[in-house]
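Peer 1: Here's a structure for you.
The values are calculated or read from the model by the stated rules, or taken from the named source; none is laboratory data. Since this is a predicted model, take the numbers as computed values, not measurements. Cβ sites come from the backbone with ideal geometry, for glycine too, and all protein chains shown count toward neighbours.
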Amino acid sequence: MAKKKKKEIVRHEDCGHEEDKLNSVYMFHHTKHDLHLFINAHYLDEAMSKFDLCNFKDRKDWKIFLECGHQPA
């Protein structure tokens with residue numbers, strides 16, 4: 001069994017925002033139908049595994065985007 005990573009919280013000094021350092025949001029965008037699927041994962045491999053569980057057709061029509069840690073408002 002794989003070990004779970006310890007949750008690591010990061011606090012931004014400038015605004016007080018806290019976030020899980022290891023968690024990222026991956027957005028999968030279907031270019032033909034303008035659909036968006038958001039997946040929380042620690043790494044790209046985990047996000048891809050979750051995406052594969054959906055078993056979507058025409059994988060070539062999907063693009064992947066990553067939300068950066070601290071987005072400007």
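Residue-by-condition table, conditions (1) in a strand (DSSP E or B); (2) of a type in the set (S, T, N, Q); (3) modelled with pLDDT of 65 or more; (4) surrounded by fewer than 10 Cβ atoms within 10 Å (Cβ to Cβ):
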{"position": "A2", "(1), (2), (3), (4)": "no, no, no, yes"}
{"position": "K6", "(1), (2), (3), (4)": "no, no, no, yes"}
{"position": "G16", "(1), (2), (3), (4)": "no, no, no, yes"}
{"position": "E46", "(1), (2), (3), (4)": "no, no, yes, no"}
{"position": "K50", "(1), (2), (3), (4)": "no, no, yes, no"}
{"position": "L53", "(1), (2), (3), (4)": "no, no, yes, yes"}
{"position": "A73", "(1), (2), (3), (4)": "no, no, no, yes"}
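Peer 1: Among the residues of segment 26-44, which ones are of a type in the set (A, V, I, L, M), without any contact (Cβ under 8 Å) to a residue 40 or more places away in the chain and part of a strand (DSSP E or B)? Let's see the steps before the verdict.
Peer 2: Start the filter on segment 26-44 by keeping residues that are of a type in the set (A, V, I, L, M), which leaves 27, 35, 37, 39, 41, 44.
Narrowing further to those that are without any contact (Cβ under 8 Å) to a residue 40 or more places away in the chain: 35, 37, 39, 41, 44.
Passing the criteria: L35, L37, I39, A41.
Peer 1: Spot the failing condition for H30; the list is (1) modelled with pLDDT under 95; (2) surrounded by 13 or more Cβ atoms within 10 Å (Cβ to Cβ), and only one is missed.
Peer 2: The number of the failed condition is (1).
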